[in-house]
1. Amide H to amide H, which residues 5 or more places from D246 or on other chains are under 5 Å from it, using H placed in the peptide plane?
2. From the alpha carbon gyration tensor of the stretch 307-357, can you work out the equivalent ellipsoid semi-axes (sqrt of 5 times each eigenvalue) and give them in Å, largest to smallest?
3. So how do 302-312, 228-238 stack up, highest first, on mean other-Cβ count within 10 Å?
4. Over the Cα atoms of the stretch 92-163, what radius of gyration and what Dmax do you get, in Å?
5. Quick one: what Rg and Dmax do you get for the stretch 114-155 from the alpha carbons, in Å?
6. If I take R0 = 35 Å and measure r between the Cβ atoms of R86 and K112 in this structure, what FRET efficiency does the formula 1/(1 + (r/R0)^6) give, to the nearest 0.05?
7. So for R104, R120, fewest C-beta neighbours within 10 Å to most, what's the order?
8. At a 10 angstrom cut-off on C-beta neighbours, averaged per residue, how do the peptides 259-271, 340-352 rank from highest to lowest?
Amino acid sequence: MRPRLPHSNKHAGRSNVGRVEKTHMLYIARYQETWMLLHSSFFKKLNWSAHENSTGRSWLPSRVRLKAAAAVPKALREYDLRQWLRLQPLLHAVKSARYRKIDRRFLRQPLKNGDIQGIRAAARDRHVLITVAFGDAQCLELQLRLTRRFVRHDLHIVADNSISEASARDNRQVCATHGAAHVRLPTNPWTARSPSRSHGAALNWMWHNILKPAAPTAFGFLDQDLFPTQPCDPFEPLEVAPFHGDLRRAGSRWYLWAGYCFFRFDAVGRKPLDFGLDWFAGLDTGGANWEALYRYMDPSTVPQRPITAFAALPGVELRRAYCEWRGSWLHEVGLDGDLSLKAKKREAVLRLLAPALEVPLGSARQGN
């Protein structure tokens, strides 16, 4: 067989030159961006220098290591050559610092409405449930009715992260009707940009401003579209474990799903908890606790429950009408699936909850 000769193209040299010039321009732009970041106030506050020895273990003291880990989301050894050439370790560090600066500013904001001192006093030495509400008063009412009936707890706090004041008023009325404490969170800087970051910021506000000062015996976070259908005590596993919930994995890391996670305060109260996310490490809401909490625990020792996905609507594919049974709790998964089917999906959820509610099915306004 004759050897295949190189294809001759008088424009090849020109196109190669063009590609090289384009690559050079890309690197120039990247380094210009890096230069600006290096001289920014964010970078000057970073403590992100390489903090691993040849074994991949950090040589920094634990307190300093936590600060370094907060600045660099992933270990430096986890970045490949292409990511280093694109300066991703630096860019991720700076972006993470920027996100945390926004979060810290939010944590300092006061409540729009709510008796913070009274709620702290009520939560002290108690078993506390916290739900982050985002509109949808019907959904919140369903949960409060069912948790009040089935779930052992002392206090249920609703942290209202709704966009509209009308939705917040509806939620406040629902809380008053069903005996839950209501706090109207400050305007969340992430709500319009990232629901996951918004949710994490709301959890962190509750941790720093209510739970940590109150020192409850134990506390747990719930998604508002998660409904118990049988008697249960989610605090019971904390008698043998410092925390428990629904486990999620991200590569070699793991964390507890923010929609159902419970903690014994004496085990976590002095740790630098962060219920936010870390997308650069593949961690969703709640995953930022990896460095401070989860990495030191064997995930096989964390009590678990079965999780089964199903389509809420007959004849509709799973991804369009996605719901879950998490143990005996029904999870509507309101933000997933085909939003055009949201009303029909809610009707299906109400039918599933009817035996637990033991009341005629009704309707209520869904908001945001």
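1. Here the answer is W257, Y260, since their amide H atoms fall under 5 Å of that of D246.
2. They are 16, 13, 9 Å, listed from largest to smallest.
3. Put in order of decreasing packing, that is 228-238, 302-312.
4. Spelled out, the Cα radius of gyration and Dmax of the stretch 92-163 are 15.8, 47 Å.
5. Expressed in Å, the Cα Rg and Dmax of the stretch 114-155 come to 11.7, 31.
6. 0.25
7. Fewest-to-most ranking of R104, R120: R104, R120.
8. Going from most to least packed, we get 259-271, 340-352.
Laboratory data are not the source of any read-out in this text; all were calculated from the coordinates shown. Bear in mind the structure is a predicted one, so any value in this text is a computation, not a measurement. All Cβ positions, glycine included, derive from the backbone under ideal geometry; neighbour counts span all protein chains shown.
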